[in-house]
Amino acid sequence: MDILPFLTALATTAPTGVQRPEAADVIATRADILSMSAQANAAVISPKKPGRLSHTLRTALAARMARLSSAMPLAAVYNQTLATMQPTTFFTALAQQDIVPSENTFLAALVDYADLVTLRPKDATRADIETLRNAGLADAEIVHLAELIACVCYLSRLTLGLQALAGTLPVVRSPQTGIRPDADTAGFTAEPLEWIPYLQPVRLEEATEEQKEAMKITPSNTKISDYVLTLAHDPESLAVRSPLFNAIMYGRDGLSRAGREMGALGCSLINRCLYCASVHARRFIQLTKRPELVETIFSKGPDACLHDDYWQPIFNFSVKLTRSPEMFCTQDVAFLRDHGLSDLEIFDLVCATGIFGWANRLMHTLGHSVTPP
């Protein structure tokens, strides 16, 4: 399933029918990100080895999650693909209806977990992983499901961001799924943390060639982390997500590295990923020498007043896109333009925020953070 033409069309379709020159520049400069985003979609929707998470089931879940994330054009693409698969009534209902009763424990657990991690990733706990296991999912299947959910949530934010840049989102949008509660700020720190998985990581000595190849592209100066070894249960997704992450966070030109770190920080705050917030708070401080901004964010939460005309709009943007995609609108992009950000910088912020929605939905839901001894 190739969604690259869909993503490109989102960025280049203007309400007046006249393409903004800035949009063409963004597409040309960040063509690699759009291409890798499409590859990531293919890896989670139509992998070579889908197992019990069939292509039809994955497509129906993707349509459902895009709809819950208020990315209606993306949901429409998934629904169009689903229609070509001759789906059963259950799969059609799964994609298009909020409540989908099922006597199949396996399917019911998948749907409940997808809804939770799509809408309220901060509320996911180890107990939810145990529920999936009790429903019959193996650890590898849980990672495949987590990657599917996280990738579609990223693509939903990318869809909304491209629409807003093109001016095809309304200036004001009405809530469809309800505004998420504010983040709980307890436990956030810029000090280093350790990540402990809920699942059994792949044993390096037992890894397949495909898993080893996927892990090679994750740079590390030390041993391969338990996080990477856990994600290696789904090597096809890992192999495409790592270069996409690097392109978004370390790409040349556009938004500053510190700006991307602020996007990661705002997103991680809302999704309550303590580990991601810790890492990227430290990087932001290293780049800006502004520890007081991080202290304010960690103490005041998503409504923090930073008293800074540059960082406040960037922080607010990442918070809103993460917490309330149903309220995200064209005016949010216009506001950043009014504060001097270029379309390329705004695109980079959308991507940084979105990719950390992906990262948070893996790291926070598949394990937990602890203070090292």
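The values are calculated or read from the model by the stated rules, or taken from the named source; none is laboratory data. None of these values were measured; they are calculated from a predicted model. Cβ: placed from backbone, ideal geometry, glycine included. Neighbour counts: every protein chain shown. Side chains are part of the model used for accessible areas, which takes the heavy atoms of the whole protein and leaves out ligands, DNA and RNA. Shrake-Rupley method; radii C 1.70, N 1.55, O 1.52, S 1.80 Å.
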All but one of (1) touching a residue at least 60 places away in the same chain (Cβ under 8 Å); (2) farther than 20 Å from ARG252 by Cβ; (3) under 18 Å from the mean Cα position of the chain (by Cα); (4) open to solvent by 30 Å² or more (accessible area, probe 1.4 Å) hold for ARG67; which doesn't?
-> (1)
Restricting the stretch 208-223 to residues that are at pLDDT below 90 and of a type outside the set (S, T, N, Q), which is surrounded by the fewest Cβ atoms within 10 Å (Cβ to Cβ)?
-> PRO219
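Got a sec? Which of LEU137, LEU132, LEU94, LEU160 is open to solvent by less than 50 Å² (accessible area, probe 1.4 Å) and within 20 Å of LYS320 (Cβ to Cβ)? Walk me through it before giving the result.
On the way: LEU137 fails: within 20 Å of LYS320 (Cβ to Cβ); LEU132 fails: within 20 Å of LYS320 (Cβ to Cβ); LEU94 fails: within 20 Å of LYS320 (Cβ to Cβ).
Of LEU137, LEU132, LEU94, LEU160, the one residue that is open to solvent by less than 50 Å² (accessible area, probe 1.4 Å) and within 20 Å of LYS320 (Cβ to Cβ) is LEU160.
May I ask you to say which residue of ALA232, ALA281 is open to solvent by less than 40 Å² (accessible area, probe 1.4 Å), over 22 Å from GLY301 (Cα atoms) and within 19 Å of the chain's Cα centre (by Cα)? I'd like the intermediate steps shown before the answer.
Details: ALA281 fails: over 22 Å from GLY301 (Cα atoms).
Only one candidate qualifies: ALA232.
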How many residues are under 18 Å from the mean Cα position of the chain (by Cα), part of a helix (DSSP H, G or I) and within 19 Å of ALA11 (Cα to Cα) when one looks only at the stretch 318-332?
-> 1
Could you tell me which of the residues THR118, THR59, THR88 is surrounded by fewer than 18 Cβ atoms within 10 Å (Cβ to Cβ) and either touching a Gly at 6+ places or on another chain (Cβ under 9 Å) or free of Cβ contacts under 8 Å to residues at least 60 places away in the same chain (or both)?
-> THR88
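Inspect all residues belonging to the stretch 252-265 and state whether any of them is over 30 Å from ALA28 (Cα atoms) and either modelled with pLDDT of 95 or more or more than 15 Å from the chain's Cα centre (by Cα) (or both).
If we filter the stretch 252-265 for residues that are over 30 Å from ALA28 (Cα atoms), which is where we start, we get none.
Within the stretch 252-265, none of the residues are over 30 Å from ALA28 (Cα atoms) and either modelled with pLDDT of 95 or more or more than 15 Å from the chain's Cα centre (by Cα) (or both).
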